[in-house]
Amino acid sequence: MPRASKKMKLMAYVKTGPTATHNGAWKHPASELGDIFLPERYEHLAKVLEAGFFDGCFFADTLGLPDIYKGSFDTYLHYGGQLSYLDPVTVLPIMARVTKHLGLGATLSTTFHHPYHLARLLASIDHLSAGRACWNVVTSTTDFEARNFGMKDLPAKDDRYARGDEVVEACCALWDCWEEGAMIMDKEEGLFIDPGKVRYAHYKGEHVSTRGPLTIPRSPQGRPVLMQAGSSPRGREFAARWGEAIFASAADTANHVKLYTDIKTRMDKYDRPPEHCQVLAAMNVVVGETDAIAQEKADYLNSLLSPELTMATNSAMMGADISKAKDEKEFFKAAGHQGHGGSVDKVLQIMEKEKISFAEAARRPRGMVVGSPTTIADHMQEMFEAGGSDGFVLMPNLSPIMFEEFGRMVVPELQRRGLFRTQYTGKTMRENLRS
């Protein structure tokens, strides 16, 4: 599809809790805290995103309490760090009930889960949502997660991705055990399921194996949309093979263009057309009626930040205690197999661009795009037309308020410019992503 006629794609990064990418947002007077465990919170969020014509949302998730910073989870708990207070999978059916088009995704690890369980769970969600399930495929990045699953520490990155490839292969084999039309349900003929359209998977790899078949018939999409965020060379290879939506994070447009081009180029060896993978740039916004109003809102929001929690959060994301590392060499030695490659890459890019030390760059809170609807749309259009992304993953500060304001003010501006849809055209999440 020529870029001139292509529309931006939008995904939302969400959490089952009040704190996401801005660690002080939960202290904001407008932040609701009393509904964390209520279904209504997630119903409302889903309705807001669908009203804004988002392709979907995905729940970020980490399977443990971060204790990398100072060897303790005290800072993370005391200051309200980003956690999942509910298993995200449990809220997806709730959100499916009040929407018709919004894609619904969960982050699930190939390192800690068996493919049969994953395939069964995701097929169920795809059925319940009428074809809107999405799997954010991760291999996990921290030892504190591994230890919750009986491991001493996290396997090496290449080993995790080798297992990840097999887990996705096995899931696909399980999803293909049922052919379309296997459910006959003919009362007069007495035929419920055609056994000739159901087969074993008989998948056997080096890391995982499964016989199959699933107990669950083929779902509307056949398999969920596969999302991925790996940025290391091995992670990019995994993304090029499997990813239909890539969660990309870089320091500026130039680095996004490099990442975008690399992913699209790698897809060729897997005989995948580039339009079958949407590379989505991470973005966190503060919108105001004018640039001055937006800046005032951002300044107040940033006054709520905890520098200590920023250190703890960045340590968890990067895989080592940044307060103890004098430079990047010392940091990488301490991190070992841990750390999210995208977070580390972004720090290194900021170091190079701003000519600052590793310690300074690693202590930075996540940046925000601040401005009026016109300013925000200008930023998005520049990135999109430069070939740095197919769209954006909107990461919240105040949630759901940021999404409400974005949908009310920025989406109409993008639509006015012909950059964003005015209606959903597909029945499934995959159809909307590719339209």
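The values are calculated or read from the model by the stated rules, or taken from the named source; none is laboratory data. Bear in mind that the values here come from a model prediction, so they are computed numbers and not experimental data. Methodologically, a virtual Cβ is constructed for each residue, glycine included, from the backbone with ideal geometry; neighbour enumeration extends over all protein chains shown.
A quick yes/no check of all residues on (1) free of Cβ contacts under 8 Å to residues at least 40 places away in the same chain; (2) aliphatic (A, V, I, L, M); (3) at negative phi:
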{"residue": "Lys7", "(1), (2), (3)": "no, no, yes"}
{"residue": "Glu32", "(1), (2), (3)": "yes, no, yes"}
{"residue": "Phe53", "(1), (2), (3)": "no, no, no"}
{"residue": "Asp67", "(1), (2), (3)": "no, no, yes"}
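Assess whether Met311 counts as being closer than 20 Å to Pro396 by Cα and touching an Asp or Glu at 6+ places or on another chain (Cβ under 9 Å).
yes
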Filter result for Lys326 (assigned to a loop (DSSP other than H, G, I, E, B), modelled with pLDDT under 80 and among the charged types (D, E, K, R)): yes
Any pair with Cβ under 7 angstrom, 6 or more apart, that starts in the stretch 390-416 at a residue that is within 16 Å of Gly56 (Cβ to Cβ) and at pLDDT 95 or above and ends at one that is of a type in the set (Lys, Arg) and not in a loop (DSSP other than H, G, I, E, B): Asp390/Lys9; Gly391/Lys9
Subset of the stretch 215-253 (residues that are modelled with pLDDT of 95 or more, buried (at least 22 other Cβ atoms within 10 Å of the Cβ) and part of a loop (DSSP other than H, G, I, E, B)): Arg218, Ser219, Gln221, Pro224, Gly243
Among the residues listed as Arg160, Arg147, the single one being under 26 Å from Thr261 (Cβ atoms), out of contact with any strand residue (DSSP E or B) (no Cβ under 8 Å at 6 or more places or on another chain), in a helix (DSSP H, G or I) and among the basic types (Lys, Arg): Arg160
Matching residues in the stretch 331-377 - criterion: being in contact (Cβ under 8 Å) with a residue 40 or more places away in the chain, in a loop (DSSP other than H, G, I, E, B) and farther than 20 Å from Ala298 by Cβ: Gly336, His337, Gln338, Gly339, His340
Hits in the stretch 163-185 - residues which are outside any helix (DSSP H, G or I) and under 27 Å from Arg430 (Cα atoms): Asp176, Cys177, Trp178, Glu179, Glu180, Gly181, Ala182, Met183, Ile184
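Being small (Gly, Ala, Ser), over 24 Å from Ser343 (Cβ atoms) and touching a helix residue (DSSP H, G or I) at 6+ places or on another chain (Cβ under 6 Å): is that true of Gly212 here?
yes
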Boolean, Glu43 is of a type in the set (D, E, K, R) and in contact with a His (Cβ under 7 Å, 6 or more places away or on another chain): no
Test: residue in the stretch 265-276 that is touching a Gly at 6+ places or on another chain (Cβ under 7 Å), surrounded by 14 or more Cβ atoms within 10 Å (Cβ to Cβ) and not basic (Lys, Arg): no
Long-range neighbours under 9 Å by Cβ, at least six apart or interchain, first residue part of a helix (DSSP H, G or I) within the stretch 289-304, second of a type in the set (D, E, K, R): none
Helices (runs of 4 or more DSSP H) lying entirely in the stretch 1-111 (those with 1 or more residues that are over 21 Å from Ser140 (Cα atoms) and among the small types (Gly, Ala, Ser)): 39-51, 92-97
Which listed residue, of Val257, Val285, Val225, is under 18 Å from Val393 (Cβ atoms), in contact with an Asp or Glu (Cβ under 6 Å, 6 or more places away or on another chain) and aliphatic (A, V, I, L, M): Val225
Enumeration of residues in the stretch 130-161 that are aliphatic (A, V, I, L, M) and crowded, with 18+ Cβ neighbours inside 10 Å: Ala133, Val137, Val138, Ala146, Leu154
Flag if Thr375 is surrounded by 17 or more Cβ atoms within 10 Å (Cβ to Cβ), β-branched (Val, Ile, Thr) and farther than 22 Å from Glu289 by Cα: no
Members of the stretch 380-393 found to be closer than 20 Å to Asp55 by Cα and in a helix (DSSP H, G or I), listed by number: Met380, Gln381, Met383, Phe384, Glu385
Condition met for Ala130 (in a helix (DSSP H, G or I) and of a type in the set (Gly, Ala, Ser)): no
Among (1) assigned to a loop (DSSP other than H, G, I, E, B); (2) closer than 22 Å to Gly235 by Cβ; (3) β-branched (Val, Ile, Thr); (4) touching a strand residue (DSSP E or B) at 6+ places or on another chain (Cβ under 9 Å), the one test that Val137 misses: (1)
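Pick out the one residue from Phe54, Phe58, Phe37 that is at pLDDT 95 or above, within 16 Å of the chain's Cα centre (by Cα), of a type in the set (Phe, Trp, Tyr) and farther than 24 Å from Met317 by Cα.
Numbers: Phe58 fails: farther than 24 Å from Met317 by Cα; Phe37 fails: within 16 Å of the chain's Cα centre (by Cα).
The unique qualifying residue is Phe54.
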